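Since the structure comes first, as structure tokens, the remarks are kept for the end.
The values are calculated or read from the model by the stated rules, or taken from the named source; none is laboratory data. Not measured: the values here are computed from a predicted model. Backbone-built Cβ (ideal geometry, glycine too); neighbour counts: all protein chains shown. To get the accessible areas, we keep the full protein, side chains included, count just its heavy atoms, and leave off ligands, DNA and RNA. Shrake-Rupley method; radii C 1.70, N 1.55, O 1.52, S 1.80 Å.
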Amino acid sequence: NKFTAIVLAAGSGKRMEQEIPKQYMRLGDAPLMVHCLRTFQESKVTQIVLVVAPGDVEKCRKEIIERYHITKCVAIVEGGEERYNSVYAGLQAINDGYVLIHDCARAFVSIDVIHRCMSAVTLYESCVVGMPTKDTVKLTDDHRKVLDTPDRSNVWIVQTPQCFEYNLIRGAYDKVIASADTSITDDAMIVEKATDHDVHMIPGSYMNIKVTTPEDIAFGEAILRNKH
Ligand code: C5P
């Protein structure tokens, strides 16, 4: 079986309040995006497709892929305006097998989680990594009036990788992109909306955080120190 990691690094990282986009920010000994690339490189995935911001392809080839010896990287493609445009660009670079779609901002994804994803996706064809919520979750209306408190034992916080059989996710993306639906925040939603295929939840890790706002940097440095 062929497994392709599609690593997304085409965001603008506005919530980080930094001059340089967060995927290039240094964390420990390397730019943020290098951490998950190294983990995919060491894992059993077959190949990596890296999606970067328009204009960044050559810079990433030299300063990221060559410099950090990410030899499994078979393509660097330009992403788009929204995350789902970037994913779609990544999907167009390949044509079969299984895909693990991963946000490079989740720098601390472990090899164990990646290997769990690879087994699960061959079984379920569609699965996402997540963790049970530690907090009680409430749904509100637009005026912040609380509408509902879902049973916490069935509420999961979703992470990446999100993993699919290629034709399933490609077909679902083709449909949703054509419909110009802009409410999409993750890949599983696309399968939920455009197909009748079930999406399976698999346990990730509480360390698989998304580096998003400045306070996440301190958590990130601590996770790295722990790892070494
Ligand atoms: O902005 P957010 O943290 O939700 O982005 C999640 C991931 O998607 C990041 O790794 C970011 O680089 C990527 N992204 C992208 N293209 C976009 C927006 C986000 O590749 N247009």
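Exactly one residue out of 109, 128, 113 is hydrophobic (A, V, I, L, M, F, W, C), buried (at least 20 other Cβ atoms within 10 Å of the Cβ) and within 22 Å of residue 184 (Cα to Cα), and it is 128. Within the range 199-213, the set of residues being more than 15 Å from the chain's Cα centre (by Cα) and within 16 Å of the ligand (Cβ to nearest atom) comprises 213 only.
The residue that is nearest to residue 158 (Cα to Cα), counting only those in the range 174-200 that are open to solvent by less than 30 Å² (accessible area, probe 1.4 Å) and not acidic (Asp, Glu), is 188. Among the residues of the range 55-71, at least one is part of a loop (DSSP other than H, G, I, E, B), under 12 Å from residue 9 (Cα atoms) and within 16 Å of the ligand (Cβ to nearest atom). None of 185, 160 is among the β-branched types (Val, Ile, Thr), within 16 Å of the ligand (Cβ to nearest atom), under 18 Å from residue 101 (Cα atoms) and at pLDDT below 95 except 185. Scanning the range 133-173 for residues that are over 14 Å from the mean Cα position of the chain (by Cα), surrounded by 12 or more Cβ atoms within 10 Å (Cβ to Cβ) and part of a strand (DSSP E or B) gives 156, 165. Residues in the range 27-46 that are surrounded by fewer than 18 Cβ atoms within 10 Å (Cβ to Cβ), at pLDDT 95 or above and outside any helix (DSSP H, G or I): 30, 44, 46.
For the residues 78, 82, the requirement of being open to solvent by 50 Å² or more (accessible area, probe 1.4 Å) and closer than 22 Å to residue 64 by Cα singles out 78. Among the residues making up the range 174-196, those that are outside any helix (DSSP H, G or I) and in contact with a Ser or Thr (Cβ under 9 Å, 6 or more places away or on another chain) are 186, 195.
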